[in-house]
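Engineer: Take a look at the following structure, please.
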Amino acid sequence: METLIWTFLILIVLGGLIAGVLLTFYFLQEKIIFSPIKLAKDYHYPFENEFEERFYEVDSGISLNCLLFKAEKSKGLIFYIHGNADNLRYWGDFAPFFVNLGYDVFMFDFRGFGKSDGKIMGERLLQRDTKRLYQIMLKEYDASKIQIYGFSLGTGIAARLASNQACANLFLEAPYFNFISLINYHKAYLPASWISKYYFRTNRYLKEVEVPIYIFHGTEDRKVPFYLGQRLKDTNTRINFYRVEGATHNEMQDMELFQKEMNRILA
């Protein structure tokens, strides 16, 4: 009898610990997934390329900070959706690569990042904000001259955007099959499909994209492992998949294959 009581008590404690872990992840997942760094509103970006700083209201009292880098003779626009951390001070360093190819580059910070107001409260909000900014850019650039570009976390957002908005091409750098598969890679002990508020179903969105899709993924990527991007190869016949040997998560622009193919595609 005493053994049964102790067994019962141990099961209760273990159940409480498991429930505590799951509840902590559910209610704190924004803090776990996103790592924004705030900037003062009067911060001056130090970029050498010509750019405009803009603020666009995406919700009542919520404005997002945006940068529009300008090429000397623009061929069109790269609509760039960045990853889960830092702010435009960091991501702006990726713009010159595209500017040197003759494209303007539009970047924005998610809610709570950099100078942007508010905070992220769910996937739908991220998708909606991005769509609103894209529609604003459509007033300045013809859709046939806009390249949608997603990096890491931003690939799921970019894929969704390209599935319901006209554009020239879709580029995905270090994408995941879907966000649940990425959570499973990093935190296999969690029943992610039950408790996550973020799904970013890239594999589903890509099936509805009707323009050429270019995927670049490094074989040495440890943040979004190569196999998760490779699984997307067969989701759409328009996909051109590039296996970039030796590339880690943040060094794609330094890789010869990437430089060669981007020059060819965007010529």
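The values are calculated or read from the model by the stated rules, or taken from the named source; none is laboratory data. Everything numeric here is computed off the predicted structure, so don't read it as measured data. So basically every Cβ, Gly included, is an ideal-geometry build from the backbone, and we count neighbours across all protein chains shown.
Engineer: Look through segment 105-152, keep the residues that are modelled with pLDDT of 95 or more, aliphatic (A, V, I, L, M) and surrounded by fewer than 17 Cβ atoms within 10 Å (Cβ to Cβ), and return whichever of them is farthest from ASN263 (Cα to Cα).
Structural biologist: Among residues in segment 105-152 that are modelled with pLDDT of 95 or more, aliphatic (A, V, I, L, M) and surrounded by fewer than 17 Cβ atoms within 10 Å (Cβ to Cβ), the one farthest from ASN263 (Cα to Cα) is ILE136.
Engineer: Looking only at segment 225-267, how many residues end up being acidic (Asp, Glu), more than 16 Å from ASN169 (Cα to Cα) and more than 19 Å from the chain's Cα centre (by Cα)? Spell out how you get there, then give the answer.
Structural biologist: Residues of segment 225-267 acidic (Asp, Glu): 234, 245, 251, 254, 256, 261.
Next cut, more than 16 Å from ASN169 (Cα to Cα) only: 234, 245, 251, 254, 256.
Checking which are more than 19 Å from the chain's Cα centre (by Cα) leaves us with 234, 245, 254, 256.
Number of matching residues: 4.
Engineer: While we're here: Residues in segment 225-246 that are in contact (Cβ under 8 Å) with a residue 40 or more places away in the chain and not in a loop (DSSP other than H, G, I, E, B): how many?
Structural biologist: 2
Engineer: Kindly indicate the residue of segment 99-140 that is part of a helix (DSSP H, G or I) and free of Cβ contacts under 8 Å to residues at least 24 places away in the same chain and also farthest from GLU52 (Cα to Cα) among those meeting that condition.
Structural biologist: Here the residue is ARG124.
Engineer: Does ASN184 qualify as being of a type outside the set (Val, Ile, Thr) and at pLDDT below 95?
Structural biologist: On the way: of a type outside the set (Val, Ile, Thr): yes; at pLDDT below 95: yes.
Yes; evaluated as a whole, the condition is true for this residue.
Engineer: Could you tell me whether PHE51 is surrounded by fewer than 22 Cβ atoms within 10 Å (Cβ to Cβ) and touching a residue at least 60 places away in the same chain (Cβ under 8 Å)?
Structural biologist: No.
Engineer: Right, another one. Can you tell me which of ASP86, ASP93 is within 24 Å of ASN169 (Cβ to Cβ) and within 19 Å of the chain's Cα centre (by Cα)?
Structural biologist: ASP93
Engineer: Inside segment 56-85, can you point out the residues that are of a type in the set (Gly, Ala, Ser) and either without any contact (Cβ under 8 Å) to a residue 40 or more places away in the chain or in contact with a Leu (Cβ under 7 Å, 6 or more places away or on another chain) (or both)?
Structural biologist: Here is the first cut: in segment 56-85, the ones of a type in the set (Gly, Ala, Ser) are 60-61, 63, 71, 74, 76, 83, 85.
Selection gives SER60, ALA71, SER74, GLY83.
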